[in-house]
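I have placed the structure first, in the form of structure tokens, so that the comments after it can refer back to it.
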Amino acid sequence: MILVVVFSSTGYYFFLATRLAPDKQPNQVEVVIRVLNSKQGDSHYALRLRGMAAEFFKSEPQSAGLIAMQEVRAFMNNCPVPPTRGDHGAPCFARTIEKEYAAHGVEIETEAAYPLKTIDLPPPRSDFIWKGPLGIVVGSPWKIVSWSYWRIGEDFANEWWKSGSTRYLLETLLEHPGNGLRFRFYSTHLSHISDGDLQVDERQHQARRIVEIIKPRVGYGELVPIVAGDFNFGPNDASDTQTYSIMNQAFLLANLEQNRYEHVWVGLTGAFPWTKGFFVPSFYYLTILAEPYEIDGIRLPRLSDHNSPTVHLVCKLNDGAFC
């Protein structure tokens, strides 16, 4: 463990992190990956997004990073930053982050991707077009070139969830404008931990689909892909060792030691030998969201029921040079 102290124009913050590799060298390309289950269900969702943005700034005051979101509200009617109505929670959160950073004198740019309304599902599933709701927020300097998404399975946790809990994989193709580097960043949310073997089998199916979809998507000369999300199993869970093994055929779990459900999986060069570079985990830590929080005089029981892991990754080319 290392103690990280972050200074900004408005104060200083500290947190514990796990160091996995030597410090980043000058001019290296470093990617900051966050996983955020934003728990979209209550009336304070917009307020909680503001609190999450504030907590993210405290730990990463220079960069919003790349954020894989789950349980994102599909139709916002009170986004803290205009447009306030009719927007998806992912671009709303992107604008909220920009505003939070700007309030501290830090200018960043953000973009967002999310599944669109045109998913081809028969009624009544067509009423749940953003169910299994995902989003990706991309902070500068990275830019979104394109995005896509796929249906990877179902959640059969109980009768209510059967009405619309389809599981998806959301992809963004990203590019660094300074050096032209490209890679694919994914967000996903596997089936919940309930109903015994039924859900275990479904998570295994979804993990296979993730690997099957991503492998042919990665282009020659790109960097290896990164998949982040709420996988609903810990790497040490005895009942889900097969799910871990399926993902581990093509990816390395960068935050393995946390043994949490929120994962950051980094592509292995052996699984993607046509790529030009890879990512080395540097360090990771947790942003605590699952505890009481006060904002605008309102006492919230928590910002989310999930804490948010952050993983720093250093980019290296296949010849060993830093990107």
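Checking every residue in region 272-281 against the condition of being farther than 20 Å from GLN28 by Cα and surrounded by 14 or more Cβ atoms within 10 Å (Cβ to Cβ) gives at least one match.
Reported count of residues in region 303-323, each being in a loop (DSSP other than H, G, I, E, B) and in contact (Cβ under 8 Å) with a residue 40 or more places away in the chain, is 7. Consider VAL72 carefully, then state whether it is out of contact with any strand residue (DSSP E or B) (no Cβ under 9 Å at 6 or more places or on another chain), at pLDDT below 95 and closer than 18 Å to GLU111 by Cβ. Answer is no for this residue.
Given the structure, is SER239 more than 16 Å from the chain's Cα centre (by Cα), at pLDDT below 95 and within 27 Å of GLU175 (Cβ to Cβ)? No, not satisfied.
Considering only region 53-102, how many residues are of a type in the set (Gly, Ala, Ser), over 24 Å from ASN307 (Cα atoms) and either assigned to a helix (DSSP H, G or I) or in contact with a Lys or Arg (Cβ under 6 Å, 6 or more places away or on another chain) (or both)? Show your work before the answer.
Going through region 53-102, the residues of a type in the set (Gly, Ala, Ser) turn out to be 53-54, 59, 63-65, 68, 74, 86, 89-90, 94, 102.
Going one step further and asking which of them are over 24 Å from ASN307 (Cα atoms), we end up with 86, 102.
In the following step, the residues that additionally are either assigned to a helix (DSSP H, G or I) or in contact with a Lys or Arg (Cβ under 6 Å, 6 or more places away or on another chain) (or both) were identified as 102.
The qualifying residues number 1.
Per the conditions (1) without any contact (Cβ under 8 Å) to a residue 60 or more places away in the chain; (2) closer than 19 Å to LEU66 by Cα, the sole criterion not satisfied by ILE246 is (2). Residues that are at pLDDT below 95, in contact with a Phe, Trp or Tyr (Cβ under 9 Å, 6 or more places away or on another chain) and farther than 30 Å from SER43 by Cβ do not occur anywhere in region 292-312. Reported count of residues in region 167-194, each being in a loop (DSSP other than H, G, I, E, B), touching a helix residue (DSSP H, G or I) at 6+ places or on another chain (Cβ under 8 Å) and under 16 Å from LYS276 (Cβ atoms), is 0.
The residues on offer are GLU111, GLU100, and the sole one that is among the acidic types (Asp, Glu), more than 17 Å from the chain's Cα centre (by Cα) and at pLDDT 95 or above is GLU100. Within region 195-245, the set of residues being assigned to a loop (DSSP other than H, G, I, E, B), touching a strand residue (DSSP E or B) at 6+ places or on another chain (Cβ under 8 Å) and either surrounded by fewer than 16 Cβ atoms within 10 Å (Cβ to Cβ) or not charged (D, E, K, R) (or both) comprises VAL218, GLY219, GLY221, VAL224, PRO225, PHE231, ASN232, PRO235.
The values are calculated or read from the model by the stated rules, or taken from the named source; none is laboratory data. None of the values given here were measured: they were computed from a predicted structure. Quick reminder, even Gly has a Cβ in these numbers, built from the backbone with ideal geometry, and neighbours come from all protein chains shown.
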